[in-house]
Amino acid sequence: MEQTKKYKYWQWRTLIVLMIAYILYYFLRKNFSAALPAMQEELGITKLQLGIFITLNGIIYGLSRFVNGFIADRCSRRKLLAGGLILSAAVNFAIAFSPKLDGVFNLLDAEGKATMGLIYLIGSLWVVNGYIHGMGYPPCASLMAHWFRPSELATKQSIWNASHSIGAGVVIALCGWILSRFGMSAWNLCFAIPAAIAFVGAIVVFFTLRDTPSSVGLPEVEELDHKDGCAASGAEVQLKGEQYNHFLKRLVFKNPIIWILALSNFCIYVIRFTILEWGTSFLTQFKGFDIAISANIVASSELIGGVLGTLVAGWFTDKFMQNKAHRTCLLCTIGATLCFFLFWKTPQNAHWIISAVLICLSAFFVYGPQALLGVAASQQATKRACATANGILGIFGYAASTIAGIGFGYLADNFGWNSVFLVAVMFGILGCLVIATLWKAPADGYSKAAEVMEEIKTI
């Protein structure tokens, strides 16, 4: 009984600290999107230039998630997570104060607009930030798999995944308040204030997290029940060298389910990025709402739609889908595509509440697969390789920034916002078709992992 209480305490402690950590990661990531309209107005940066920043940041972030997935499966996840927060805070401070270097590097012209030097500086720093942020998700995914059973992972990871929406929503609302209160020239505070908060948070994360149950004297999660086919007599078999490479090859790199999940992730991220990266700009420039209302609409989509969507999707999967997260992902992708289409087609003269409701519904359905595709990958790859599998999903998900970043920036500048939304809806439809192919797939890969473990004995 005492051990059970201690286990529950550490599980909830880990979950809460991981949520705090990822909220802070989003403070240092989605502040850029919230500051976009102000940076355009004050610095004279075009949508295409901003789109290039978003694209490069996304590509580097996706690659970084893959690289750090390997690292997270092999090192201290606590140190990796906290270290990334500190480094990202430093980069955000650098962006905030970059115009102050004008006297040294001639970064502003006579009208106070950005020269190519300042554009390259901010862009380069944002790309660096993209790599650093790849140090966030893999240790979180790995820690979740180490602390929770596969049968409860969908619900618990969905609770954790609400941190995406909470972090994005709060920082977008914060930046909207800053810009409406102090004017567009205060865009640098959208980087400095979140950075200061995250720096303090990183220290808390470092001292409160633990990598595994065994590090606090508790049994590993597979010892709580014997579902984990990777366990041998309740004790985890350690794999090294060629044995571990073989396990990765079979459960991840040669596993078609992982690659289908990854392609689905690409499609759903196009819609997600369209809302999150361009939502504020679209509402101000196309719908004609002021900056405060636009920022609050996007923030509400995250805080209301996103949070509820992740929680409901996780609960629904464990309750009604026999832990088959990929089935819930299909239903959510259909809902996201439909609501996003209706949001696009809302008349420009319609009341802002209609846009707010539809974008909230879009986010509600988007964040279901955004959370559960990672859960599905973790379940299929098992806890031994879940960070690596999620790294692959990260590459595909953030490769979507090539479409939603530079692609949509170019389309918006040259063909208007309608072209942006048409392409986004088409990717939503493609995502529905791709994820539908997994309807009959198993809930997890632990049976397959047991077979692979038998193969490994001969290596």
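The values are calculated or read from the model by the stated rules, or taken from the named source; none is laboratory data. Since the structure is predicted, the reported quantities are computational estimates derived from the model, not experimental observations. Counting neighbours? That spans all protein chains shown, and the Cβs are built from the backbone with ideal geometry, glycine included.
Structural remarks
- Pair list, Cβ < 8 Å and 6+ apart or interchain, from segment 246-261 residues that are under 16 Å from V375 (Cβ atoms) to residues that are among the small types (G, A, S) and surrounded by fewer than 22 Cβ atoms within 10 Å (Cβ to Cβ): I257/A441
- Single match in F316, F340 (criterion: over 28 Å from K47 (Cβ atoms) and surrounded by 19 or more Cβ atoms within 10 Å (Cβ to Cβ)): F316
- Single residue of Q49, Q11 found to be over 18 Å from the mean Cα position of the chain (by Cα), under 24 Å from F148 (Cα atoms) and in contact (Cβ under 8 Å) with a residue 60 or more places away in the chain: Q11
- Residue in segment 167-188 that is of a type outside the set (K, R) and not in a helix (DSSP H, G or I) present: yes
- Taking segment 44-55 as the range and being aliphatic (A, V, I, L, M) and surrounded by fewer than 24 Cβ atoms within 10 Å (Cβ to Cβ) as the test, the residues that pass are I45, L48, I52.
- Checking L422, L438, L430, L393 one by one, the residue that is in a helix (DSSP H, G or I), over 23 Å from I359 (Cα atoms) and not polar (S, T, N, Q) is L393 and no other.
- The set of residues in segment 205-250 being modelled with pLDDT under 55, over 16 Å from W147 (Cα atoms) and part of a loop (DSSP other than H, G, I, E, B) consists of G229, S233.
- Residue that is modelled with the lowest pLDDT [pool: residues in segment 142-156 that are crowded, with 24+ Cβ neighbours inside 10 Å and within 13 Å of S76 (Cα to Cα)]: S142
- Residues of segment 357-390 satisfying the condition of being without any contact (Cβ under 8 Å) to a residue 60 or more places away in the chain and either charged (D, E, K, R) or farther than 25 Å from L438 by Cα (or both): V357, L358
Per-residue answers, yes or no, for (1) surrounded by 23 or more Cβ atoms within 10 Å (Cβ to Cβ); (2) assigned to a helix (DSSP H, G or I); (3) at positive phi; (4) of a type outside the set (S, T, Y):
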residue: K5; (1), (2), (3), (4): no, yes, no, yes
residue: R13; (1), (2), (3), (4): no, yes, no, yes
residue: Y25; (1), (2), (3), (4): yes, yes, no, no
residue: L36; (1), (2), (3), (4): yes, yes, no, yes
residue: N57; (1), (2), (3), (4): yes, yes, no, yes
residue: N68; (1), (2), (3), (4): yes, yes, no, yes
residue: R78; (1), (2), (3), (4): no, yes, no, yes
residue: G84; (1), (2), (3), (4): yes, yes, no, yes
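- Residues of segment 282-296 that are part of a helix (DSSP H, G or I) and either closer than 26 Å to F266 by Cβ or without any contact (Cβ under 8 Å) to a residue 12 or more places away in the chain (or both): F282, L283.
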